[in-house]
Each structure stands twice: as C-alpha cells, then as structure tokens.
1. Considering only residues that are closer than 13 Å to LYS65 by Cβ, aliphatic (A, V, I, L, M) and at pLDDT below 95, which ones fall in segment 23-40?
2. Can you work out which of the residues in segment 8-21 that are out of contact with any helix residue (DSSP H, G or I) (no Cβ under 6 Å at 6 or more places or on another chain) and either among the aromatic types (Phe, Trp, Tyr) or more than 17 Å from THR64 (Cα to Cα) (or both) is modelled with the highest pLDDT?
3. List pairs: first residue in segment 46-68 and in a helix (DSSP H, G or I), second residue open to solvent by 90 Å² or more (accessible area, probe 1.4 Å) anywhere in the structure, Cβ distance under 7 angstrom, at least six positions apart or on different chains.
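The values are calculated or read from the model by the stated rules, or taken from the named source; none is laboratory data. All values reported here derive from a predicted model rather than from experimental measurement. Cβ: placed from backbone, ideal geometry, glycine included. Neighbour counts: every protein chain shown. To get the accessible areas, we keep the full protein, side chains included, count just its heavy atoms, and leave off ligands, DNA and RNA. Shrake-Rupley method; radii C 1.70, N 1.55, O 1.52, S 1.80 Å.
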Amino acid sequence: MTGRIQAGLALAAKGSREGIAAIRAALTPEECGGYCKGNAIKYSWRERHKGGNEDLKKASWYLTKISEE
C-alpha cells in the first residue's frame, strides 16, 4: 500500500500507533469489524465519483482488517 493511502487511513492516534489500532482498542471485535465493513462499503461506492483506484485500494485495506479480527 502506498504511503499516501496509509497516511490517509491513519486516523488521529497517540504516539506511533496506527489509527486502526486505537479503534480496535476502543471497540469490541464485532464493532471494529462493522466499522471496517462500513468503510469498505463507503470507499467502494465513491470510487466512480471521487477517488478512483485509490478508493478501491482503501476498500481492500479495510476488508483485510476484517479478516484479521
């Protein structure tokens, strides 16, 4: 994944923790899975109108995180 996509996915978090790590710490596994699924849907839907392949890569990234739960 390119640094640009990774940077866009990294939400505000303390220290060097990746944004998704902070979200996992705050949510149950089921809630985190729902969060990731919702983001995957969002990026898939907006691919044609906004972000193109970058959004498809983001959607894929979130789907991968679901499988890691």
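1. ILE23, LEU27
2. Checking each candidate, the answer is ARG17.
3. LYS57/MET1; TRP61/MET1; ILE66/LYS37
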